[in-house]
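Beneath this line is the structure, given in structure tokens, with notes to follow.
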Amino acid sequence: MTNVHPFPKERIGKSAKANRKERGLAGGYPAFHLPDIHNEPVDVLMAVIQAGGLYLTPTAERPADDLPTTHLLRTIDGLNALTDAANVLIDYAMRHPAEFPQEDVDSLARRGEQAHKVMHKLDEMLPSDDFIMTIDSYGPDLMAEYATNAAIIVVSAFALDIMAHYDESFIQTGKDKRKAMFRDFQGAYQEAQDECLSRSEGHEFLIKELTSAQRALKKLLKEP
């Protein structure tokens, strides 16, 4: 992943909340909180931004000892963080049905379920690190690259779904006044997704050509 947008890397905690103005993360405006199921205040926008920092890291910043599946696992962490943020929005909307159309809430919940299903499939598909590193073939490395790239597309799409819901409910209404910061990171998520979609086209071409070549090879071996 070559995305270089400065997504914050840490999850939001009490110390982070206390220092957000110093770090300029509040976009010059006070944070906007929604209550979670325990009635604890959550800055949903910052939670979505922080989720990007869990997996949208520039290649140069990744540790040298990363294993082939490490980036996929980070992306799963990003999905889990986004799910937490989405659940706050869904719970809040369900408690205020007059303000939020139920079909929008259901749609966001379905998007999350679909993202988890695809991520589970990608995780199951990917061989173990030992297998990838020991087998004398480029195939497992390509599988790891494909799975990770696909995972980033899935998670970034879910992040954009959450942001679209948040935009309509809290940015456009002026309840959360951090519009510039919102647009900045919304654009960064879109950039990350677009980059991975472009890379996916290359994977699709390779898979198509490999499948065609494999058919030809099998046909040749079957001929007397």
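Tabulated data for the structure shown
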{"quantity": "Assigned charges on the beta-carbon of Lys, Arg, Asp, Glu; the chain dipole about Cα centre (debye)", "calculated": "320"}
{"quantity": "Sum of -39500 (n - 2.57) over DSSP H runs of 4+, divided by residues of the chain (222 nm, nearest 500)", "calculated": "-23500 deg cm²/dmol"}
{"quantity": "Reported label for calculated Rg/Rh (Cα atoms, Kirkwood Rh) given [x] 1.06; [y] 0.96; [z] 1.09", "calculated": "[x]"}
{"quantity": "Solvent-accessible area, 1.4 Å probe, carbon plus sulfur percent, for the chain", "calculated": "55"}
{"quantity": "Added length on full extension, which subtracts the Cα-Cα distance from 0.36 nm per residue, S200 to D141", "calculated": "19.7 nm"}
{"quantity": "Among L72, N39, Q186 - extreme Cα towards positive end, dipole of the stretch 34-217, charges at beta-carbon", "calculated": "Q186"}
{"quantity": "Mean accessible surface per residue for the chain, computed with a 1.4 Å probe while every protein chain stays in place, in Å²", "calculated": "57"}
{"quantity": "Options V118, A81, A98, ranked by Cα towards positive dipole end of the chain, top entry (Cβ charges)", "calculated": "A98"}
{"quantity": "The chain: Lys pairs at Cα distance under 18 angstrom, eight or more positions apart or on different chains", "calculated": "7"}
{"quantity": "Helical segments meeting 20 Å axial Cα length and Kyte-Doolittle 0.0 threshold in the chain (DSSP H)", "calculated": "70-95, 139-166"}
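The values are calculated or read from the model by the stated rules, or taken from the named source; none is laboratory data. Not measured: the values here are computed from a predicted model. Backbone-built Cβ (ideal geometry, glycine too); neighbour counts: all protein chains shown. In case anyone asks, the SASA skips ligands and DNA or RNA and just uses the protein heavy atoms, side chains included. Shrake-Rupley method; radii C 1.70, N 1.55, O 1.52, S 1.80 Å.
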